[in-house]
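Engineer: Before anything else, here's the structure in question.
The values are calculated or read from the model by the stated rules, or taken from the named source; none is laboratory data. It should be emphasised that the depicted structure is a prediction, and the values quoted were computed from it without experimental measurement. Cβ: placed from backbone, ideal geometry, glycine included. Neighbour counts: every protein chain shown.
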Amino acid sequence: MKRIFILKASTARTDNKFTIKDLPGTSGRLDVVCRCILSSLLLSKGHRLDTIFYAVLEGPPRPPITVEVNGEKIEELPRDELKVALILKELLNPIKTPTIVSGFRLMNRDFQDLVEEKLRESKTYFLHRTGKNIKEILSVFQNFKTPQLTFILGDHIGLNQNEIEYLEGMGIKPISLGPKEYLGSHCISLIQEKLDQVIERKK
């Protein structure tokens, strides 16, 4: 079962005009993207091969740009946020052709295009505290006929009402991790942990 995460990074810069020393203050919160990449893919030893992470960057100067990080194609995943940020800084350089980093690539795809593509390929949900508890969804996990599960979430700002209405209009249901609100990176870690537990029970 392939696991896919889509982060809507509404303020993240779409060039390399930011400093690593002040990543939160200069990059439109690309630090959130970096943490979510690590939460999606990093293991205590190595990284997940069954996960693909997407961040739709919507900040200036040339939005939207989507970053794809594919665990199956990564040779070695950095183990800290700043090293991931250095990879993104290289990829987002608008002047020169970026160095190829295994598993990382940029795509000219907006949020709706990406959502609709994954909706055709996978069982898709978006995270919202008013949704059905994820435990109820995963309780019937073994009955899913699609080979992929996709989870959509917002950044530090979250999904706005128009985006929620769009997702619901596409037939995508909200799911919840409980009444508390968590950081996006924590949400991803919790989902990965719960999926691991379900798969382990199925063995």
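Engineer: Just give me the residues in region 5-58 being among the acidic types (D, E) and in contact with a Pro (Cβ under 7 Å, 6 or more places away or on another chain), in sequence order.
Structural biologist: Result: D15, D31, E58.
Engineer: Determine whether D31 is buried (at least 16 other Cβ atoms within 10 Å of the Cβ) and not hydrophobic (A, V, I, L, M, F, W, C).
Structural biologist: yes
Engineer: Would you mind stating whether V84 is within 12 Å of the chain's Cα centre (by Cα) and at pLDDT 95 or above?
Structural biologist: Here the answer is no, as V84 does not meet what is asked.
Engineer: Could you check how many residues of region 16-45 are in contact with a Phe, Trp or Tyr (Cβ under 6 Å, 6 or more places away or on another chain), closer than 14 Å to G59 by Cα and part of a helix (DSSP H, G or I)?
Structural biologist: Here the count works out to 1.
Engineer: Does K2 satisfy the criteria of being over 22 Å from R109 (Cβ atoms), basic (K, R) and surrounded by fewer than 18 Cβ atoms within 10 Å (Cβ to Cβ)?
Structural biologist: Here the answer is no, as K2 does not meet what is asked.
Engineer: Counting just the residues of region 36-55 that are more than 14 Å from G103 (Cβ to Cβ) and small (G, A, S), which one comes out surrounded by the fewest Cβ atoms within 10 Å (Cβ to Cβ)?
Structural biologist: Step by step, filter region 36-55, then rank; the result is S44.
Engineer: On to the next question. Restricting to region 125-142, name every residue that is closer than 19 Å to A55 by Cα and either out of contact with any helix residue (DSSP H, G or I) (no Cβ under 8 Å at 6 or more places or on another chain) or at pLDDT 95 or above (or both).
Structural biologist: Listed by number, the residues that qualify are Y125, F126, L127.
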